[in-house]
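First the structure, in the form of structure tokens, and then the observations on it.
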Amino acid sequence: MKKLITAILLVVLILVLLPSAALAKPDKDKPLPATDVELVKKVTLRGKPVGGGKPVKQAATGTLGAVCEGNRYAIVIGISDYPGTENDLEYSDDDANDMRDALVGVYGYNPDDIHLLLDAEATFTEIRDAISDIKSKVVAGDEVVFFFSGHGAKGQADDGDKEGIDESIVTHDGYNLVYLWDGQLRSWFEGFATSRIVFIFDSCLAGGMTDLQASGRVINMACSESGVSYEGDAWGNGQFTYYFVDRGMSAGNADRYDNIAGVPDVTIEEAFDYAMVNCEMQKPVISDSFSNDLLP
């Protein structure tokens, strides 16, 4: 009789606990469960590419918004060396180094305020911790840049949004690929004291990162939500980064409007327009929720 009562109580306990377990939300500080995951690799081209594109609409207005008077921080990520060899790229780490150099050399960022995460250092955990570190420091009026170059992926992830298909940037844990989903990344950037945040994605399916849009933010994406991004010998970079950062910002070729006399002042929107008109075989996308143009 005692065994029967014990068995009944155990069944009741399981029935009580099951619903709450089923409703438990996944921990967004850890890799999230996902199904139907498809890695979409950035394509490496050899030799001189062909083709060309024209911008449908100019993002730059020629009217500068408020210049940042606070501190400026950045998280710059480039992964060429993924675990194993089959997913390796050649130029994503160069993309990250060039972005970091532009922030320091062109825009005057303090190198100590930039988290540069390359290859083995660019793990899911290190990226999460870098965002958390900057989040703990920023105040209203500060500026934050988040740059990623590497692979993209798609799938159905439990990341808190209502999308049927989710997009991710592809990180790793030192041994395996780890997917950082758009809704998860959005949750990591919630609650920042500043709204002045710039995102730059040089990866396949980058256009899906519009989940991050919010007032004051500018999201620069190397291709459409279903598109492929390219890197190659002709650029020595990812194609988007080459025109957006190297030629647009660092070489000053995107400086269309003289916002501050005597000062190199390529705005984010100008850099995007320059990349948009020059990129071949891929169509960059921008989501701009900043008033007028944003000067990093």
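The values are calculated or read from the model by the stated rules, or taken from the named source; none is laboratory data. Quantities reported herein were computed from a predicted structural model and do not represent experimental measurements. In this analysis, Cβ positions are derived from the backbone assuming ideal geometry, glycine residues included, and neighbour counts consider all displayed protein chains.
General remarks:
- Selection within the range 124-161 - among the β-branched types (Val, Ile, Thr) and in contact (Cβ under 8 Å) with a residue 60 or more places away in the chain: Ile134, Val138, Val139, Val144, Val145
- Just one of the listed residues (Gly191, Gly262, Gly236) is free of Cβ contacts under 8 Å to residues at least 24 places away in the same chain and on the phi > 0 side of the Ramachandran plot, and it is Gly262.
- Gly216, sole failed condition from (1) within 12 Å of the chain's Cα centre (by Cα); (2) on the phi > 0 side of the Ramachandran plot; (3) surrounded by fewer than 21 Cβ atoms within 10 Å (Cβ to Cβ): (1)
- Look at the range 267-282: where a residue is under 9 Å from Ala60 (Cβ atoms) and a partner is outside any loop (DSSP other than H, G, I, E, B) and modelled with pLDDT under 95, sitting 6+ places away or on another chain with Cβ atoms under 9 Å, you get Thr267/Leu64.
- When Glu69, Glu90, Glu86 are screened for being within 19 Å of Phe192 (Cβ to Cβ), in a loop (DSSP other than H, G, I, E, B) and among the acidic types (Asp, Glu), only Glu69 passes.
- Residues satisfying the stated conditions in the range 255-284, i.e. touching an Asp or Glu at 6+ places or on another chain (Cβ under 8 Å), at pLDDT 95 or above and not in a helix (DSSP H, G or I): Val266, Thr267
- Selection from the range 93-145 of residues that are among the aromatic types (Phe, Trp, Tyr) and either outside any helix (DSSP H, G or I) or under 24 Å from Leu294 (Cα atoms) (or both): Tyr107, Tyr109
- Hey, Gly152 farther than 29 Å from Cys68 by Cβ and surrounded by 23 or more Cβ atoms within 10 Å (Cβ to Cβ) or not: yes
- Of residues in the range 155-171 being of a type in the set (A, V, I, L, M, F, W, C) and at pLDDT 95 or above, the one surrounded by the most Cβ atoms within 10 Å (Cβ to Cβ): Ile169
- A search for C-beta distances below 7 Å between a residue of the range 77-92 that is over 14 Å from Val40 (Cα atoms) and surrounded by fewer than 18 Cβ atoms within 10 Å (Cβ to Cβ) and any residue that is modelled with pLDDT of 95 or more and of a type in the set (Phe, Trp, Tyr), counting only pairs 6+ apart in sequence or on different chains, returns Pro83/Tyr175.
- Residues that are on the phi > 0 side of the Ramachandran plot and surrounded by fewer than 17 Cβ atoms within 10 Å (Cβ to Cβ), drawn from the range 107-135: Gly108
- Selection count where residues are among the aliphatic types (A, V, I, L, M) and farther than 26 Å from Val139 by Cα, scope the range 196-220: 2
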